[in-house]
Amino acid sequence: MVYHAKANIFLIIFIFLLVWTMGAISLLLYITSLSTIIIMSTVFIISVVFIWWYANSIKFVFCETYLLVKGGPFKSKIPYQSITSVSPTTDKFTGYLISSSDKGVEIFYKTAAHGSIKILPKEKMKFILELKKRCPNAQILQNQKFE
């Protein structure tokens, strides 16, 4: 089962406008030769495409033995047996998708590299119910709302 991340359209548009503005200003300031324009334009376009790819491809996949959190070239495999608890989070501008929403989900799990991951699925309640089915031993905080 696949769930996609909830995107904050205003924030994404703002970031892209900021990147395009800074790219145009830096390109205009450093025009010295045609090769400089080509190199800077190529690097800029590749950067913008990478950011767009990352921001629009974040998804959460329930596999047979693990939860796969994937965004662009980055991915995290979280085995179901290592998930210890799930709780709502109010941290802004954190997690796999930079979002201004303060109603995300934080998944705590046992591992040496990480301790938790913050995500914002579009269908949060369905995601949590599916996670509860696959991780019956995980403590899912019911007294706090996952709206």
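Just from its helices, what would the mean residue ellipticity at 222 nm be for the chain, if runs of 4 or more DSSP H residues each count -39500 (n - 2.57) and the sum is divided by every residue, rounded to the nearest 500 deg cm²/dmol? Walk me through the numbers on the way to the answer.
Working: 3 runs with 55 residues, N = 147.
About -12500 deg cm²/dmol.
Measuring r between the beta carbons of Asp91 and Ala7 and using R0 = 22 Å, the FRET efficiency lands at 0.80.
Database remark: amide H of Ser85 closer than 5 angstrom to the amide H of Phe108, Gln139 (H placed geometrically; neighbours at sequence offset of 5 or more, or on other chains; Pro and chain starts carry no H).
Between Ser57 and Gly72, the built amide H atoms are under 5 Å apart, and every one of these is 5 or more places off in sequence or on another chain.
Extension gain for the segment Val43 to Thr111, taken as residue separation times 0.36 nm less the Cα-Cα distance, is 20.9 nm to one decimal.
Shape index of the chain: Rg/Rh, with Rg the Cα radius of gyration and Rh the Kirkwood radius from the inverse mean 1/r over Cα pairs, equals 1.11.
Over the chain, accessible surface divided per residue gives 64 Å², non-protein components excluded, 1.4 Å probe. On the protein heavy atoms, probe 1.4 angstrom, tell me the percent of accessible surface of segment 1-58 carried by carbon and sulfur. Within segment 1-58, the accessible surface is 82 percent carbon and sulfur.
3J(HN,Hα) along segment 69-82, derived from phi through the Karplus expression 6.51 cos²θ - 1.76 cosθ + 1.60 where θ = phi - 60°, amounts to 10, 10, x, x, x, 9, 8, 10, 9, 10, x, 4, 5, 8 Hz, with x in place of Gly and Pro.
The values are calculated or read from the model by the stated rules, or taken from the named source; none is laboratory data. All figures in this text were calculated on a predicted structure; none of them were measured in a lab. A quick note on method: Cβ atoms are made from the backbone with ideal geometry, for glycine too, and the neighbour counts reach across all protein chains shown. Ligands, DNA and RNA are excluded from the accessible area calculation, which covers all protein heavy atoms including side chains. Shrake-Rupley method; radii C 1.70, N 1.55, O 1.52, S 1.80 Å.
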